[in-house]
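Asker: Next up is a structure, given as structure tokens.
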Amino acid sequence: MAEAEDVCRLASALPHVVEIDSDGFDFRVGGKGFVWSYPERRPGRPRVIRTDIAVLYVGDEAEKQALLLGEPERFFTTPAYDGMPLVMLWLDRVDLDRLEELITDAWRMRAPDAIVGDLDIAAD
């Protein structure tokens with residue numbers, strides 16, 4: 001079972017990551033977001049930042065659908081994210097190894113080509 005603190009620890013450990021000041025967590029690489037807190041919006045109510053749910057960049061619609069259909073107990077989406085390569089992840093339904101894999105994959109997809117190799121250097 002993961003928590004927001006785990007997201008912060010794992011994302012911060014990746015090379016060239018910048019944390020954006022927010023009410024939850026918001027991490028970017030090369031100016032592009034790869035994992036952040038879910039900004040829940042309900043009609044007639046103010047937006048609520050949900051730190052128990054992570055929004056992850058997944059690369060493309062095929063990957064998004066694979067996660068949504070393959071692990072519906074962990075991943076979901078909303079109409080606001082239709083057509084976007086993003087999924088929401090219930091943090092309390094994922095273990096730390098899987099969370100690290102997801103965050104690292106999101107980082108790889110968003111990092112500029114010139115710095116992707118820095119991840120392998122950091123791991124040594």
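Asker: Please pick out the residue among 50, 45, 93, 41 that is over 21 Å from residue 117 (Cα atoms) and either buried (at least 16 other Cβ atoms within 10 Å of the Cβ) or within 13 Å of the chain's Cα centre (by Cα) (or both).
Answerer: Working: 45 fails: either buried (at least 16 other Cβ atoms within 10 Å of the Cβ) or within 13 Å of the chain's Cα centre (by Cα) (or both); 93 fails: either buried (at least 16 other Cβ atoms within 10 Å of the Cβ) or within 13 Å of the chain's Cα centre (by Cα) (or both); 41 fails: either buried (at least 16 other Cβ atoms within 10 Å of the Cβ) or within 13 Å of the chain's Cα centre (by Cα) (or both).
Residue meeting the stated conditions: 50.
Asker: Check off (1) within 12 Å of the chain's Cα centre (by Cα); (2) over 23 Å from residue 80 (Cβ atoms); (3) β-branched (Val, Ile, Thr) for residue 17 and give me the number that stays unchecked.
Answerer: (1)
Asker: In addition: Among the residues of region 53-60, is there at least one that is of a type in the set (A, V, I, L, M), within 23 Å of residue 24 (Cα to Cα) and touching a Lys or Arg at 6+ places or on another chain (Cβ under 8 Å)? Talk me through it step by step, then tell me what you get.
Answerer: Just the residues of region 53-60 that are of a type in the set (A, V, I, L, M), to begin with: 53-56, 58.
Pick out the ones that are also within 23 Å of residue 24 (Cα to Cα) and you get 53-56, 58.
With the extra rule that they be touching a Lys or Arg at 6+ places or on another chain (Cβ under 8 Å), the set shrinks to 58.
Checked against the condition, which is being of a type in the set (A, V, I, L, M), within 23 Å of residue 24 (Cα to Cα) and touching a Lys or Arg at 6+ places or on another chain (Cβ under 8 Å), region 53-60 yields at least one hit.
Asker: Please enumerate the residues belonging to region 49-75 that are touching a helix residue (DSSP H, G or I) at 6+ places or on another chain (Cβ under 7 Å), of a type in the set (A, V, I, L, M, F, W, C) and part of a strand (DSSP E or B).
Answerer: Step one: of region 49-75, the residues touching a helix residue (DSSP H, G or I) at 6+ places or on another chain (Cβ under 7 Å) are 51-54, 56-59, 73-75.
Restricting the remaining residues to those that are of a type in the set (A, V, I, L, M, F, W, C) gives 53-54, 56, 58, 75.
Answer for region 49-75, where residues must be touching a helix residue (DSSP H, G or I) at 6+ places or on another chain (Cβ under 7 Å), of a type in the set (A, V, I, L, M, F, W, C) and part of a strand (DSSP E or B): 53, 54, 56, 75.
Asker: Let me ask you something else. Return the pairs, sorted by first residue and then second, in which the second residue is surrounded by fewer than 18 Cβ atoms within 10 Å (Cβ to Cβ) and acidic (Asp, Glu), the first residue lies in region 36-61 and is within 23 Å of residue 21 (Cβ to Cβ), the beta carbons are less than 6 Å apart, and the residues are 6+ apart or on different chains.
Answerer: As it stands, the answer is 48/40; 49/23; 50/40, since those pairs meet every condition given.
Asker: Here is a further query. So which residues in region 1-39 are closer than 20 Å to residue 60 by Cα and among the aliphatic types (A, V, I, L, M), if there are any at all?
Answerer: If the condition is that a residue be closer than 20 Å to residue 60 by Cα and among the aliphatic types (A, V, I, L, M), then 29, 35 are the ones that fit.
Asker: Looking at (1) free of Cβ contacts under 8 Å to residues at least 24 places away in the same chain; (2) not in a strand (DSSP E or B), can you tell me which one residue 24 breaks?
Answerer: (1)
Asker: Condition first: among the hydrophobic types (A, V, I, L, M, F, W, C), surrounded by 14 or more Cβ atoms within 10 Å (Cβ to Cβ) and assigned to a loop (DSSP other than H, G, I, E, B). Now tell me which residues in region 76-90 satisfy that. Even if it seems obvious, please write down each step before you answer.
Answerer: Going residue by residue through region 76-90, those that are among the hydrophobic types (A, V, I, L, M, F, W, C) are 76, 80, 84, 86-90.
Going one step further and asking which of them are surrounded by 14 or more Cβ atoms within 10 Å (Cβ to Cβ), we end up with 76, 86-90.
Within region 76-90, no residue meets the criteria.
Asker: Report whether or not residue 117 is on the phi > 0 side of the Ramachandran plot and loosely packed, with under 15 Cβ neighbours inside 10 Å.
Answerer: Values: on the phi > 0 side of the Ramachandran plot: no; loosely packed, with under 15 Cβ neighbours inside 10 Å: yes.
Against the criterion (on the phi > 0 side of the Ramachandran plot and loosely packed, with under 15 Cβ neighbours inside 10 Å), residue 117 does not qualify.
Asker: If you don't mind, another one. Just one of (1) free of Cβ contacts under 8 Å to residues at least 40 places away in the same chain; (2) part of a helix (DSSP H, G or I); (3) surrounded by 13 or more Cβ atoms within 10 Å (Cβ to Cβ) trips up residue 104, so point out which.
Answerer: Among (1) free of Cβ contacts under 8 Å to residues at least 40 places away in the same chain; (2) part of a helix (DSSP H, G or I); (3) surrounded by 13 or more Cβ atoms within 10 Å (Cβ to Cβ), residue 104 violates only (1).
Asker: Shifting gears a bit: So which residues in region 1-19 are among the aliphatic types (A, V, I, L, M) and either modelled with pLDDT of 95 or more or not in a loop (DSSP other than H, G, I, E, B) (or both), if there are any at all?
Answerer: If we filter region 1-19 for residues that are among the aliphatic types (A, V, I, L, M), which is where we start, we get 1-2, 4, 7, 10-11, 13-14, 17-18.
Listed by number, the residues that qualify are 2, 4, 7, 10, 11, 13, 14, 17, 18.
Asker: So, one more: Only one of (1) within 13 Å of the chain's Cα centre (by Cα); (2) free of Cβ contacts under 8 Å to residues at least 24 places away in the same chain fails for residue 99. Which number is that?
Answerer: Every listed condition holds for residue 99 apart from (2).
The values are calculated or read from the model by the stated rules, or taken from the named source; none is laboratory data. Only a predicted model underlies this, so the values are computations on that prediction, with no experimental measurement involved. All Cβ positions, even for glycine, are placed from backbone atoms using ideal geometry, and neighbour counts span all protein chains on display.
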